[in-house]
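Trainee: Supplied in C-alpha cells, the structure appears directly below.
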Amino acid sequence: MDKLLYINGEWTGSELEKINITNPASGEIVGTVPNGGATETKQAIEAAHQAYLKWSKLTAYERCDLLERYYDLVLENEDELARVLTLEMGKPLHEAKGEIKYAASFLKWFAEEGKRVYGRTVPSQHGDKRLQVIKKAVGVVGAITPWNFPAAMITRKLGPALASGCSIVIKPAKQTPLTAVFLVELAEKAGIPKGVVNLVTGNASKIGDELLSNPLVKKITFTGSTEIGRVLMEKGAKHIKNLSLELGGHAPIIVLDDADLDLAVKGTMASKFRNAGQTCICGNRIYVQENIYEEFITRFVEEASKLKVGNGLDEGTDIGPIIDKNGYQKVEEHVQDALSKGATCVLGGEGTPKNGAYFYPPTVLKDVNSTMLVMHEETFGPVAPIQKFTTDEDAVELANQSPYGLAAYVFSESNRRGTKVVEALDYGIIGWNDGAPSTAQAPFGGMKESGMGREGGIEGLEEYLETKYVSIGV
Ligand code: ADP
C-alpha cells in the first residue's frame, strides 16, 4: 500500500521521501506514505480555506446528505477498513470492526446534529433594539490524531467540523496513516467537495508548527499525550489559537463492597484490556474495598487468564501487540518498578518481544501503593494494579490524587453510595457500573491535565462554532 497526501482534492506527494508503516504484530512493512512537511501543510491549509468559503455556505441539510453518504460508505467498507486498521495498529480484528462502527457513528450523529445549530433572540431593555445571538463555523480546522484509535479519533473531529461548516486538514499519527488515507478516500467517494478534507502525513512538528502558526487555521483539535498537548498550547499562544485538547488519563476504577461482583469484573476487564490497555480511558489503577479485595482478585485473575495474546488478525485474539518498542519498555518499566517496591504479580508479568513485535500478557499486580509508577503514570498496557481501600471517602481521595481527570469508573449497587462517589470524583467521564462509556452523542473529555474541551454530544459541535452577538437598532 503506497499511499499519498490528499490536498485540494488531489492525491499528491509522490516525489517526497517515503515513510514505512510497519505491522506491530510482525515488524513487517505494510505500506508507505509521503514525508510531508510545512510546504504541503501550507498548501492544504490554503485549499481548506478556499473550500471553507463555499462549504460553510451550504445548508446544514446539504452537508448532512453528504455526511450520511460518507457514513454509509464507511460501513459498507467496514471489513476492509478494519483489516487495514489491525494491520498497522495491531488491535484484534473484532475490536477494529467495533472501532469502525464507532467511527462511523460520529459521522451520522453530527450530520443530524448540524441541523440543530440554533441561535437565540434575547429580550432587550430598550424597545428600539433587537438582540440576536448567531453561530458560525470557526473556519479551517487542523486535526492532529493519535495511533490508538486510527479511525475514530479522525471522525470524532471530522464529523462535527464538517457538519458545522468547517473544512479540515488532518495529520494522522505516524504509526497509523493508512486507515486515515482509507477514510479520506471514502470522503472523496462520498462527494465531499475538494479542499474540504485534506490529509498531510509526515513530520509531526513541521506539520504541527505550520498548523499552529498559519493564521488561516482557526482551530486546532488534538488527541494525544499531555506532553505534546502542552507543546501545542505553548506554540498556539502566539496566535491565541482556539484549541481542543484530549490528553492523557489515569483512570481509577473503584469497586465498592456492595458491587455486583460479576458486573464489576466484567466492566473492569472491558475497561482495562481493550486495545491491550492502550486507550486514554483504560482503567489504570483499581481500588477494591478491603472485605471483597481477595475475592475480586481471584475472579478477575480467572477471567484475565482466559485472554489470548497474539496477532490481531488471528481468530480468537483478545490482546494484540503493544504499538512499539517504546510503549513496550514503558509497560515493562512500570511492572518492574512495582515489583521492586513490594507488589506481588498474580498473573503475567513478562513480555515476549520478537522480531520487532512486542507482546505483553494480561498482568495483574496486587499489594500496590501510590509510590509505584503504575499508580500515577499512564501505563498504556494490559497491566492491572489492584489496591485495597477501607472507606468510600478513602477511595475518592485516592482516585482524585492525580493530575489527570479524564475517566473514572465506579461499581456499586447502592444509589446513595454510588451517587456520592460519582459527585466527588474530579473526572470528565464516569462509568457507573459501566466499563465502556464512550458514545457519539455524549460529551467526552477531561478535567485538569487531561485537556480542555469536549468531543461528542452537543458540546462536541460547539467546539467548531463561534458565537456572534448582533445588536440591531430598529
Ligand atoms: P502518543 O503518545 O499517543 O503517540 P503523541 O502526543 O506523541 O501521543 O502523538 C499524538 C499526535 O501528535 C500524533 O499525530 C503525533 O505525530 C503528533 N505530534 C507529536 N509531536 C508533535 C508536535 N511537536 N507538533 C504537532 N504534533 C505532534
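The values are calculated or read from the model by the stated rules, or taken from the named source; none is laboratory data. Since the model is a prediction, treat every value here as computed from it, not as a measurement. Methodologically, a virtual Cβ is constructed for each residue, glycine included, from the backbone with ideal geometry; neighbour enumeration extends over all protein chains shown.
Trainee: Identify all residues within the range 218-229 that are of a type in the set (Val, Ile, Thr) and more than 10 Å from the ligand (Cβ to nearest atom); write none if there are none.
Mentor: The one that is of a type in the set (Val, Ile, Thr) and more than 10 Å from the ligand (Cβ to nearest atom): 221.
Trainee: Could you tell me whether the range 388-397 includes any residue that is at pLDDT 95 or above, of a type in the set (Lys, Arg) and farther than 27 Å from residue 367 by Cβ? First the steps, then the outcome.
Mentor: So in the range 388-397, the residues at pLDDT 95 or above come out as 388-397.
Now restrict to residues that are of a type in the set (Lys, Arg): 388.
Keeping just the survivors that are farther than 27 Å from residue 367 by Cβ gives none.
The answer is no; no qualifying residue exists.
Trainee: Got a sec? Which of 232, 245, 263 is more than 16 Å from the ligand (Cβ to nearest atom) and on the phi < 0 side of the Ramachandran plot?
Mentor: Selected residue: 263, the only one of 232, 245, 263 that is more than 16 Å from the ligand (Cβ to nearest atom) and on the phi < 0 side of the Ramachandran plot.
Trainee: Regarding residue 90, is this residue buried (at least 17 other Cβ atoms within 10 Å of the Cβ), of a type outside the set (Val, Ile, Thr), at pLDDT 95 or above and closer than 25 Å to residue 36 by Cβ?
Mentor: Yes: the conditions hold for residue 90.
Trainee: So, one more: Considering only the range 379-427, state which residues are free of Cβ contacts under 8 Å to residues at least 12 places away in the same chain and either of a type in the set (Ser, Thr, Tyr) or within 16 Å of the ligand (Cβ to nearest atom) (or both).
Mentor: Hits for the range 379-427 are 391, 419.
Trainee: Which residue out of 204, 190 is more than 27 Å from residue 281 (Cα to Cα), at pLDDT 95 or above and surrounded by fewer than 23 Cβ atoms within 10 Å (Cβ to Cβ)? Steps first, please.
Mentor: Working: 204 fails: more than 27 Å from residue 281 (Cα to Cα).
Answer to the selection: 190.
Trainee: Of all residues being among the hydroxyl-bearing types (Ser, Thr, Tyr) and buried (at least 24 other Cβ atoms within 10 Å of the Cβ) in the range 121-163, which is nearest to residue 100 (Cα to Cα)? Just the residue, please. Full working, then the answer.
Mentor: First pass over the range 121-163, keeping only residues among the hydroxyl-bearing types (Ser, Thr, Tyr): 121, 124, 145, 155.
Restricting the remaining residues to those that are buried (at least 24 other Cβ atoms within 10 Å of the Cβ) gives 145, 155.
Details: 145: 16, 155: 10 Å.
Among residues in the range 121-163 that are among the hydroxyl-bearing types (Ser, Thr, Tyr) and buried (at least 24 other Cβ atoms within 10 Å of the Cβ), the one nearest to residue 100 (Cα to Cα) is 155.
Trainee: Could you list, ordered by first residue, the pairs with Cβ atoms under 6 Å in which the first is in the range 359-377 and farther than 17 Å from residue 329 by Cα and the second is among the polar types (S, T, N, Q), at least 6 apart or interchain?
Mentor: So the pair list comes out as 366/344; 367/344; 368/387.
Trainee: Separate question: Please enumerate the residues belonging to the range 429-463 that are buried (at least 22 other Cβ atoms within 10 Å of the Cβ), assigned to a loop (DSSP other than H, G, I, E, B) and in contact with a Phe, Trp or Tyr (Cβ under 9 Å, 6 or more places away or on another chain). I'd like the intermediate steps shown before the answer.
Mentor: Quick first cut of the range 429-463, residues buried (at least 22 other Cβ atoms within 10 Å of the Cβ) only: 429, 431, 435, 440, 444-446, 450-451, 455-456, 460-461, 463.
Checking the rest, the ones that are also assigned to a loop (DSSP other than H, G, I, E, B) come to 435, 440, 445-446, 450, 456, 463.
435, 440, 446, 450, 456 - these are the residues of the range 429-463 that are buried (at least 22 other Cβ atoms within 10 Å of the Cβ), assigned to a loop (DSSP other than H, G, I, E, B) and in contact with a Phe, Trp or Tyr (Cβ under 9 Å, 6 or more places away or on another chain).
Trainee: Hey, among 101, 135, which residue is within 29 Å of residue 51 (Cα to Cα), away from the ligand (no atom under 16 Å from the Cβ), at pLDDT 95 or above and not in a helix (DSSP H, G or I)?
Mentor: Numbers: 101 fails: not in a helix (DSSP H, G or I).
135 is the lone residue from the list that is within 29 Å of residue 51 (Cα to Cα), away from the ligand (no atom under 16 Å from the Cβ), at pLDDT 95 or above and not in a helix (DSSP H, G or I).
Trainee: Mind checking which residues of the range 83-115 are under 23 Å from residue 360 (Cβ atoms), small (Gly, Ala, Ser) and touching a Ser or Thr at 6+ places or on another chain (Cβ under 9 Å)?
Mentor: Hit for the range 83-115 is 96, nothing else.
Trainee: Okay, next question. Out of the residues in the range 231-254 that are in a loop (DSSP other than H, G, I, E, B) and not β-branched (Val, Ile, Thr), which is nearest to residue 394 (Cα to Cα)? Let's see the steps before the verdict.
Mentor: In the first step, residues of the range 231-254 are kept if they are in a loop (DSSP other than H, G, I, E, B); the result is 240-241, 247-250.
Next, only the ones that are not β-branched (Val, Ile, Thr) stay: 241, 247-250.
On the way: 241: 40, 247: 26, 248: 24, 249: 20, 250: 18 Å.
Out of the qualifying residues, it is 250.
Trainee: Separate question: Are any residues in the range 368-396 acidic (Asp, Glu) and in contact with a helix residue (DSSP H, G or I) (Cβ under 9 Å, 6 or more places away or on another chain), and if so, which ones? If you could, list the steps in order and put the result at the bottom.
Mentor: Initially, the range 368-396 is screened for residues acidic (Asp, Glu), giving 377-378, 392-394.
377, 378, 392, 393, listed by residue number.
Yes or no, residue by residue, for (1) within 16 Å of the ligand (Cβ to nearest atom); (2) modelled with pLDDT of 95 or more:
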{"position": "208", "(1), (2)": "yes, yes"}
{"position": "239", "(1), (2)": "yes, no"}
{"position": "254", "(1), (2)": "no, yes"}
{"position": "268", "(1), (2)": "no, yes"}
{"position": "293", "(1), (2)": "no, yes"}
{"position": "296", "(1), (2)": "no, yes"}
{"position": "301", "(1), (2)": "no, yes"}
{"position": "309", "(1), (2)": "no, yes"}
{"position": "313", "(1), (2)": "no, yes"}
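Trainee: Now for a separate question. Among (1) assigned to a helix (DSSP H, G or I); (2) away from the ligand (no atom under 11 Å from the Cβ); (3) without any contact (Cβ under 8 Å) to a residue 40 or more places away in the chain, where does residue 215 come up short?
Mentor: So residue 215 meets the others, but not (1).
Trainee: Still on this structure, I have one more. Filter the range 149-192 for residues that are of a type outside the set (A, V, I, L, M, F, W, C), closer than 22 Å to residue 135 by Cβ and not in a helix (DSSP H, G or I); which is nearest to the ligand (Cβ to nearest atom)?
Mentor: Here the answer is 167.
Trainee: Separate question: I need the full set of residues from the range 326-346 which are in contact with a strand residue (DSSP E or B) (Cβ under 9 Å, 6 or more places away or on another chain) and farther than 13 Å from residue 380 by Cβ, in order please.
Mentor: Listed by number, the residues that qualify are 338, 339, 343, 344, 345, 346.
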